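This report refers to the structure that appears directly beneath it.
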Amino acid sequence: MILLSRTGTGERSLMIRPHDLTTFPLPIIRRAAPADIAAIVAIENESFIDPWEQSVFLEAFTYFPSTYFVAVCDGMVTGFVIGGLEDTGENIYGHICNLGVTTAYRHRGIGNLLVRRFEHQAALELATGVQLEVRLGNTVAQRFYHRLGYRNVFEIESYYSNGEDAVVMMKWFRF
Ligand SMILES: CC(C)(COP(=O)(O)OP(=O)(O)OC[C@H]1O[C@@H](n2cnc3c(N)ncnc32)[C@H](O)[C@@H]1OP(=O)(O)O)[C@@H](O)C(=O)NCCC(=O)NCCS
């Protein structure tokens, strides 16, 4: 879709959004539902060496009802994001707990849309930023988050069950 916008001088100009340049239709991003579980678990299993159990994905409906989203393309669930909100007493921030896009649908902006939908929800719930952990060796995800505005803040030694360190990344909202 191409939008018309007004420039500062009052002239009309064309505003082209990045996804107008892609050849892929935009996915629908909506709240996850229990009927999505099988597809979410399949994406999880193809994405991670230590996948979450199905029961954890089911419990997430209770803990994160407003911040659990899926992407739907061609009538199929092709990605998900799960996160929550944490209140430190001084700040509220969003925490992305899990994110995955099915292999065949990567590199078309679905991960980006899922994270941005999560961020919007976190902001609506008064978060001032979003934090996440990513494996030190997962340079693909680190680059992806970096392009979305996340920055490395510190590392946690042996965070994962196989002893791998985690990189903690954070994005502070600017309104
Ligand atoms: C990380 C992950 C979620 C990204 O999902 P994705 O849908 O491929 O993400 P996007 O398409 O928005 O962005 C991925 C790359 O594709 C590029 N891209 C987006 N749309 C594109 C298009 N139409 N054409 C070509 N490239 C495109 C983006 O610029 C981005 O490049 P970058 O990584 O160098 O920044 C996905 O790789 C994944 O599921 N990985 C396994 C699980 C994982 O690591 N999760 C994160 C753990 S914290």
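The values are calculated or read from the model by the stated rules, or taken from the named source; none is laboratory data. It should be emphasised that the depicted structure is a prediction, and the values quoted were computed from it without experimental measurement. In this analysis, Cβ positions are derived from the backbone assuming ideal geometry, glycine residues included, and neighbour counts consider all displayed protein chains.
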Subject >> Matching residues in segment 60-78 - criterion: being among the polar types (S, T, N, Q) and either outside any loop (DSSP other than H, G, I, E, B) or surrounded by 19 or more Cβ atoms within 10 Å (Cβ to Cβ) (or both) >> reply: THR62, THR67, THR78
**OP:** Output the qualifying pairs, or none if there are none: Cβ atoms under 6 angstrom, residues six or more apart or on different chains, first residue in segment 148-171 and closer than 21 Å to GLU119 by Cα, second residue exposed (fewer than 12 other Cβ atoms within 10 Å of the Cβ) and modelled with pLDDT of 95 or more.
**Re:** VAL168/VAL153; VAL168/PHE154; MET170/VAL153
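Results for (1) surrounded by 21 or more Cβ atoms within 10 Å (Cβ to Cβ); (2) under 21 Å from TYR145 (Cα atoms); (3) touching a residue at least 40 places away in the same chain (Cβ under 8 Å); (4) within 8 Å of the ligand (Cβ to nearest atom), shown as yes or no for each residue.
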residue: ALA33; (1), (2), (3), (4): no, no, no, no
residue: VAL41; (1), (2), (3), (4): no, no, no, no
residue: ASP50; (1), (2), (3), (4): no, yes, yes, no
residue: LEU58; (1), (2), (3), (4): no, no, no, no
residue: GLY84; (1), (2), (3), (4): no, yes, no, no
residue: GLY94; (1), (2), (3), (4): yes, yes, no, no
residue: ALA104; (1), (2), (3), (4): no, yes, no, no
residue: LEU113; (1), (2), (3), (4): no, yes, yes, yes
residue: ARG116; (1), (2), (3), (4): no, yes, no, no
Original post:
Which condition number in (1) closer than 22 Å to ILE29 by Cα; (2) surrounded by fewer than 18 Cβ atoms within 10 Å (Cβ to Cβ) is the one that LEU99 fails?
Top reply: (2)
**OP:** Taking PRO27 as the residue in question, decide whether it is surrounded by 18 or more Cβ atoms within 10 Å (Cβ to Cβ) and either without any contact (Cβ under 8 Å) to a residue 24 or more places away in the chain or not charged (D, E, K, R) (or both).
**Re:** yes
Original post:
Across segment 123-175, which residue is farthest from the ligand (Cβ to nearest atom) among those that are assigned to a strand (DSSP E or B), hydrophobic (A, V, I, L, M, F, W, C) and under 16 Å from SER47 (Cβ atoms)?
Top reply: LEU132
**OP:** Starting from residues that are farther than 30 Å from PRO25 by Cβ and polar (S, T, N, Q), keep the ones in segment 118-131 and report whichever is surrounded by the fewest Cβ atoms within 10 Å (Cβ to Cβ).
**Re:** THR128
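Given the options GLY109, GLY94, name the one that is within 26 Å of PRO34 (Cβ to Cβ), touching a helix residue (DSSP H, G or I) at 6+ places or on another chain (Cβ under 8 Å) and not aliphatic (A, V, I, L, M).
Numbers: GLY109 fails: within 26 Å of PRO34 (Cβ to Cβ).
Going through GLY109, GLY94 in turn, just one is within 26 Å of PRO34 (Cβ to Cβ), touching a helix residue (DSSP H, G or I) at 6+ places or on another chain (Cβ under 8 Å) and not aliphatic (A, V, I, L, M): GLY94.
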